[in-house]
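Asker: What follows is a structure written as structure tokens; I'll ask about it next.
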Amino acid sequence: WLGCERWFSSIKQLAEHLEKVHAVARRDKLFYCGWEDCNRGHRGFNA
């Protein structure tokens, strides 16, 4: 995730971190992908 330097020893820990820290809707109620090289670019989506 862009700007995130965290490392995890399990997929479960990674998923929990993503849910709590990165997978939150912004003011426009859309989500944005932050994976490096994501082909969505900066286009928001509703999940």
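The values are calculated or read from the model by the stated rules, or taken from the named source; none is laboratory data. What you are looking at is a predicted structure, and each value in this text was computed from that prediction instead of being measured. So basically every Cβ, Gly included, is an ideal-geometry build from the backbone, and we count neighbours across all protein chains shown.
Asker: Just one of (1) surrounded by 10 or more Cβ atoms within 10 Å (Cβ to Cβ); (2) in contact with a Gly (Cβ under 8 Å, 6 or more places away or on another chain) trips up Gly3, so point out which.
Answerer: Every condition holds for Gly3 apart from (1).
Asker: Would you check which residues across segment 21-34 are exposed (fewer than 11 other Cβ atoms within 10 Å of the Cβ) and closer than 12 Å to Leu2 by Cβ and list them? Talk me through it step by step, then tell me what you get.
Answerer: Here is the first cut: in segment 21-34, the ones exposed (fewer than 11 other Cβ atoms within 10 Å of the Cβ) are 24, 26-29.
The answer is none; no residue qualifies.
Asker: Moving to a separate point now. How many residues, within segment 4-18, are in a loop (DSSP other than H, G, I, E, B) and under 11 Å from the mean Cα position of the chain (by Cα)? Show your work before the answer.
Answerer: As a first pass, look at segment 4-18 and keep what is in a loop (DSSP other than H, G, I, E, B): 4-10.
So of that shortlist, the ones also under 11 Å from the mean Cα position of the chain (by Cα) come out as 4.
Of the residues in segment 4-18, 1 are in a loop (DSSP other than H, G, I, E, B) and under 11 Å from the mean Cα position of the chain (by Cα).
Asker: Which number in (1) small (Gly, Ala, Ser); (2) within 10 Å of the chain's Cα centre (by Cα); (3) at pLDDT 80 or above marks the one condition that Gly34 misses?
Answerer: So Gly34 meets the others, but not (3).
Asker: OK, next. Looking at segment 35-47 only, could you name the residues that are loosely packed, with under 10 Cβ neighbours inside 10 Å and within 14 Å of Gly3 (Cα to Cα)?
Answerer: Glu36, Asp37 - these are the residues of segment 35-47 that are loosely packed, with under 10 Cβ neighbours inside 10 Å and within 14 Å of Gly3 (Cα to Cα).
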